[in-house]
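I have placed the structure first, in the form of structure tokens, so that the comments after it can refer back to it.
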Amino acid sequence: MKHVKKVSKRTRVLTGVVAALAIGGVGAWSANASSPAPAAQAAARAGAGDGHLTRSTHLTVAAATDAAEAVLRAAQKENQRVSVAVVDRNGNTVVELRGDGAGPQSYESAVKKAYTAVSWNAPTSGLVKRLESAPTLKDIPGTLFLAGGAPVTAGGAPIAGIGVAGAPSGDLDEKFARAGVAELAK
């Protein structure tokens, strides 16, 4: 007869707990893998051809980064120090880059210009002219009606905005923003 070492009660309890967790975890994983969550089921029912859901197109982080880097390259060619922001269709910041030597105010201004451009699907230089007939537009939170923002569109709909700030004129800021839009068109 072989000698079997007696295992302590503490070891037996711990082993049982580990086994139960492992089995329970596998059961939970298999239950989740085989059936969608209740929220996903409700969303599937709501969107099953009855018009309750919409889809929107968004830039990837990689594409937004490429556009922002194109802006900085265009500014560097003209010895300008700028900041650039790329926001998505909902105005959420995707990428922000502050060029070497860009002023501290340029960072926030770039974000607001990008937000303004995507919100109105128009270059911010054109929106500045609208202030003459509707001066309260400038009071909308998060917007900045200065030249330097350009919308990015797909199929005629806005999908992003690029804002640039820090050059001595809004015209230059907007020129650099358009370089970012052009990068995305390649």
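Here are a few things to note about the model shown:
- Using the Karplus relation 6.51 cos²θ - 1.76 cosθ + 1.60 with θ = phi - 60°, the per-residue 3J(HN,Hα) values for region 76-87 come to 5, 4, 10, 6, 10, 10, 10, 10, 9, 9, 10, 10 Hz, with x marking Gly and Pro.
- Taking Ser106, Ser56 and counting other C-beta atoms within 10 Å, the order from fewest to most: Ser56, Ser106
- Among the GluC sites (Glu not before Pro) in region 72-171, those placed in a DSSP loop whose Cβ has at most 11 other Cβ atoms within 10 Å are Glu78, Glu132.
- Each Lys and Arg Cβ is given +1 and each Asp and Glu Cβ -1; about its Cα centre, region 61-185 then shows a dipole of about 180 debye.
- As a proxy for reagent exposure, ranking His52, His58 by other Cβ atoms within 10 Å from fewest up yields His52, His58.
- Once you reduce region 65-97 and region 133-186 to the center of their Cα atoms, the two points are 11 Å from each other.
- Ordering Lys112, Lys186, Lys129, Lys175 from the fewest to the most neighbouring beta carbons within 10 Å gives Lys186, Lys129, Lys175, Lys112.
- The equivalent ellipsoid that matches the C-alpha gyration tensor of region 133-186 spans semi-axes of 21, 16, 8 angstrom, in descending order.
Where a number appears in this text, it was derived from the coordinates with a stated rule and is not lab data. Here the structure is a predicted model, which is why all the values come from computation and not from measurement. Ideal geometry is used to build each Cβ from the backbone, glycine not excepted, and the neighbour counts take in all protein chains shown.
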